[in-house]
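Structure record follows, encoded as structure tokens.
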Amino acid sequence: MTTAVATPEIGRTKAFLRLVMIEHSVFALPFAYIAALTAMFLQDGHVHWVQLLLVTLCMVGLRTFAMAANRIIDREIDARNPRTAGRELVTGAVSLRTAYTGSAVALVVFLTAAALLNPLCLALAPIAVIPMVVYPYGKRFTDFPHAILGLAQAMGPVGAWLAVTGTWSWEACVLGLAVGVWIGGFDLIFGCQDVMADRADGVRSVPARFGVANALYGARAAHVVTLLLLGWYAYLTVAGWAFWMGLAVVTVAFVYEHSIVRPGDLSRLNRAFFQVNGFVGISLFCFALLDLVLRGLTP
């Protein structure tokens with residue numbers, strides 16, 4: 001009897017995790033760790049594991065809520081787009097009730113973790129939720145929904161720093177802005193594959209409004225700005241050679257990303273979007289962590 005009950009529950013959970021693409025946490029989570037660990041290093045030189053766990057729960061909880069909300073709000077648009085017609089809410093693999101329940105649980109996890117961190121995090125938590133809900137609607141009223149996504153993602157490093165110190169930090173704002181511009185930039189690339197469907201359905205985006213070539217130019221410009229902002233962050237936090245080496249690796253990754261996606265050839269778009277940008281986040285985190293350890297960060 002226990003197995004019969006457990007199996008459907010496990011199946012629904014797996015389907016929900018596929019719906020929210022939980023593996024995409026790799027994009028923003030490393031930068032939240034960079035912010036949190038840098039704040040810990042500057043504060044007392046020690047890693048505070050409970051705080052780091054709560055930051056993780058905040059990030060994963062809020063991102064899961066945002067993705068579930070996105071899928072719920074966009075389910076009718078997804079059904080009309082051949083690329084997204086196989087998504088779980090469209091096919092029925094995940095029911096609307098399950099999606100609402102999962103998003104509510106994720107939101108509770110986020111708010112609870114924020115409350116356990118410090119009063120400021122809890123007070124600001126509702127503000128962090130707003131762009132997560134606005135973003136799916138953005139494609140209905142602006143040609144620049146990518147900017148809303150960037151704003152939503154920019155709050156991660158800022159929140160992680162606040163979680164550790166309980167105070168505002170311009171260093172965290174610079175890192176957050178770098179993350180927002182980076183993610184907004186690669187979302188421009190991602191949106192290029194839906195130009196025809198978006199135009200037919202009235203969905204608004206930079207690629208749909210201005211064309212694939214201009215969107216790719218915009219993505220390149222965004223990633224140049226990202227590198228400049230990351231360099232500014234390194235300067236503000238007096239980062240060592242390891243961080244700068246990581247920034248050099250990220251630069252090479254960006255050059256590669258933009259070399260394999262062209263207006264007339266989007267065949268390697270998924271490699272550019274998923275693999276290269278996943279590598280960017282993980283690699284910079286590894287170099288940033290090495291830099292902090294070399295400078296004296298201790299467990």
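The values are calculated or read from the model by the stated rules, or taken from the named source; none is laboratory data. These figures come from a predicted structure and were not determined experimentally. Every residue, glycine as well, gets a Cβ built from its backbone with ideal geometry; the counts of neighbours run over all protein chains shown.
Among the listed residues Ala239, Ala215, Ala248, which satisfies the condition of being surrounded by 21 or more Cβ atoms within 10 Å (Cβ to Cβ) and in a helix (DSSP H, G or I)?
None of the other options fit; the residue is Ala215.
Would you check which residues across the stretch 139-153 are among the small types (Gly, Ala, Ser) and under 14 Å from Cys58 (Cα atoms) and list them?
Matches in the stretch 139-153: Ala152 only.
Would you please name the residue that is nearest to Ala208 (Cα to Cα), looking only at residues in the stretch 142-170 that are surrounded by 21 or more Cβ atoms within 10 Å (Cβ to Cβ) and in contact with a Leu (Cβ under 7 Å, 6 or more places away or on another chain)?
Result: His146.
Would you mind stating whether Tyr137 is over 27 Å from His46 (Cβ atoms), hydroxyl-bearing (Ser, Thr, Tyr) and in contact (Cβ under 8 Å) with a residue 40 or more places away in the chain?
In short, yes.
Search the stretch 265-286 for residues that are closer than 17 Å to Ala178 by Cα and in contact (Cβ under 8 Å) with a residue 60 or more places away in the chain and pair each with any residue that is of a type in the set (Phe, Trp, Tyr) and assigned to a loop (DSSP other than H, G, I, E, B) when their beta-carbon atoms are under 7 Å apart and the residues are at least 6 apart or on different chains.
Every condition considered, the pairs that remain are Asn277/Phe27; Gly278/Phe27; Gly281/Phe27.
Just to be sure before I move on: is Phe279 at pLDDT 95 or above, within 20 Å of the chain's Cα centre (by Cα) and either more than 24 Å from Pro136 (Cα to Cα) or of a type in the set (Phe, Trp, Tyr) (or both) in the structure I sent?
Here the answer is no, as Phe279 does not meet what is asked.
Could you list all residues from the stretch 251-274 that are of a type in the set (Gly, Ala, Ser) and surrounded by 15 or more Cβ atoms within 10 Å (Cβ to Cβ)?
If the condition is that a residue be of a type in the set (Gly, Ala, Ser) and surrounded by 15 or more Cβ atoms within 10 Å (Cβ to Cβ), then Ala253, Ala272 are the ones that fit.
Please indicate, with yes or no, whether at least one residue in the stretch 48-58 is at pLDDT 95 or above and either touching a Pro at 6+ places or on another chain (Cβ under 9 Å) or outside any helix (DSSP H, G or I) (or both).
yes
Gly11 versus (1) small (Gly, Ala, Ser); (2) surrounded by 17 or more Cβ atoms within 10 Å (Cβ to Cβ); (3) at pLDDT below 90: which is the lone unmet condition?
Status for Gly11: all satisfied but (2).
Does the stretch 103-131 hold any residues that are over 25 Å from Gly150 (Cβ atoms) and either in contact with a strand residue (DSSP E or B) (Cβ under 6 Å, 6 or more places away or on another chain) or part of a helix (DSSP H, G or I) (or both), and which are they?
Matches in the stretch 103-131: Ala104, Val105, Val108, Thr112, Ala115, Leu116, Pro119.
If you check Tyr233 against the conditions, is it out of contact with any strand residue (DSSP E or B) (no Cβ under 7 Å at 6 or more places or on another chain), among the hydroxyl-bearing types (Ser, Thr, Tyr), over 16 Å from Leu188 (Cβ atoms) and surrounded by 17 or more Cβ atoms within 10 Å (Cβ to Cβ)?
yes
Pro82 fails exactly one of the following numbered conditions: (1) in contact with an Asp or Glu (Cβ under 8 Å, 6 or more places away or on another chain); (2) in a loop (DSSP other than H, G, I, E, B). What is the number of that condition?
Every listed condition holds for Pro82 apart from (1).
Just checking, does the stretch 48-58 include any residue being within 19 Å of Lys14 (Cβ to Cβ) and either over 14 Å from the mean Cα position of the chain (by Cα) or among the aliphatic types (A, V, I, L, M) (or both)?
No - not one qualifying residue is present in the stretch 48-58.
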